[in-house]
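K.L.:
Let me begin by handing over the structure; questions about it come next.
The values are calculated or read from the model by the stated rules, or taken from the named source; none is laboratory data. The shown structure was predicted, so the numbers you read here are calculated from the model rather than taken from an experiment. Cβ sites come from the backbone with ideal geometry, for glycine too, and all protein chains shown count toward neighbours. Ligands, DNA and RNA are excluded from the accessible area calculation, which covers all protein heavy atoms including side chains. Shrake-Rupley method; radii C 1.70, N 1.55, O 1.52, S 1.80 Å.
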Amino acid sequence: ILNVEQSPQSLHVQEGDSTNFTCSFPSSNFYALHWYRWETAKSPEALFVMTLNGDEKKKGRISATLNTKEGYSYLYIKGSQPEDSATYLCAFFSAGGTSYGKLTFGQGTILTVHP
Amino acid sequence: DAGVIQSPRHEVTEMGQEVTLRCKPISGHDYLFWYRQTMMRGLELLIYFNNNVPIDDSGMPEDRFSAKMPNASFSTLKIQPSEPRDSAVYFCASSLRGGLTTIYFGEGSWLTVV
């Protein structure tokens, strides 16, 4: 069973604050790391798929970094807005072992942005 | 493209009844996934297919669950007989190249077993 852990579990920030959260994953058999944004009563929406160590991706005010050697990824939101409130999920795609080909999700970080 | 299409969106059924959830992946996608979302376990992979062939079903909870993909544009997840603990949101998702490319989720099937 792969351990994909996200922290913190939940986060409350004020509008305009910048914030970041962490995804930890196994440093072996790395294939890809995904980030998703999930609003209540909707389906998860892809933000990034990252495959290379040192990769940095950006989409508007949201960006992500990847360190495959130490097994972590950070997601940053600059100038949070109330519409950013959602659960942010990371998922690890394994290249080997009994988990080959599986995309294993973390439990998510619930972000609430207060006006 | 219409995206991943799931049906039904909501299902309420009595314990012991058979439940069939349906999924139409995005055209051209070779991978199809079935996930289950619960409060306790989060989003867990039940089974995935590559080119209509089941690759890993180790996440299927027990023999009451079965999944098929008779062709590239259709998959079913069946629960027979259903139990209250099966109540969850079931997501179907598809991708072009497995976990190396974006995985697109359907809107989910909300199942309640009473």
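K.L.:
Hey, can you tell me all the residues within the range A:25-43 that are among the hydroxyl-bearing types (Ser, Thr, Tyr) and surrounded by fewer than 18 Cβ atoms within 10 Å (Cβ to Cβ)?
P.N.:
Listed by number, the residues that qualify are A:SER27, A:SER28, A:THR40.
Rundown of residues vs (1) touching a helix residue (DSSP H, G or I) at 6+ places or on another chain (Cβ under 7 Å); (2) facing another protein chain (nearest Cβ under 10 Å), yes/no style:
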| residue | (1), (2) |
| --- | --- |
| B:GLY28 | no, no |
| B:TRP34 | no, no |
| B:LEU46 | no, no |
| B:CYS92 | no, yes |
| B:ILE103 | no, yes |
| B:VAL113 | yes, no |
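K.L.:
What are the pairs with Cβ atoms under 7 angstrom where one residue, in the range A:3-14, is touching a residue at least 60 places away in the same chain (Cβ under 8 Å) and in a loop (DSSP other than H, G, I, E, B) and the other, located anywhere, is surrounded by 14 or more Cβ atoms within 10 Å (Cβ to Cβ) and among the aromatic types (Phe, Trp, Tyr)? Sequence gap at least six, or different chains.
P.N.:
A:VAL4/A:PHE25; A:VAL4/A:PHE92; A:VAL4/A:PHE105; A:PRO8/A:PHE21
K.L.:
Also, quick follow-up: Sort out which residues of the range B:26-55 are within 29 Å of A:GLN9 (Cα to Cα) and either open to solvent by 20 Å² or more (accessible area, probe 1.4 Å) or part of a loop (DSSP other than H, G, I, E, B) (or both), and write them in order of number.
P.N.:
B:ARG36, B:GLN37, B:THR38, B:MET39, B:MET40, B:ARG41, B:GLU44, B:LEU45
K.L.:
Residues in the range A:3-12: is at least one crowded, with 17+ Cβ neighbours inside 10 Å, among the small types (Gly, Ala, Ser) and under 13 Å from A:ALA86 (Cβ atoms)?
P.N.:
no
K.L.:
Looking only at strands (runs of 3 or more DSSP E) that fall completely inside the range A:53-115, which ones have 1 or more residues that are open to solvent by less than 20 Å² (accessible area, probe 1.4 Å) and within 30 Å of B:TRP34 (Cβ to Cβ)?
P.N.:
Because the criterion is at least 1 residues that are open to solvent by less than 20 Å² (accessible area, probe 1.4 Å) and within 30 Å of B:TRP34 (Cβ to Cβ), the strands (runs of 3 or more DSSP E) in the range A:53-115 that meet it are A:62-67, A:72-77, A:86-94, A:103-105, A:109-114.
K.L.:
Now for a different question. Which of the following residues is at pLDDT below 95, touching a Lys or Arg at 6+ places or on another chain (Cβ under 7 Å) and away from chain B (no Cβ under 14 Å): A:SER27, A:SER94, A:SER63?
P.N.:
It is A:SER27.
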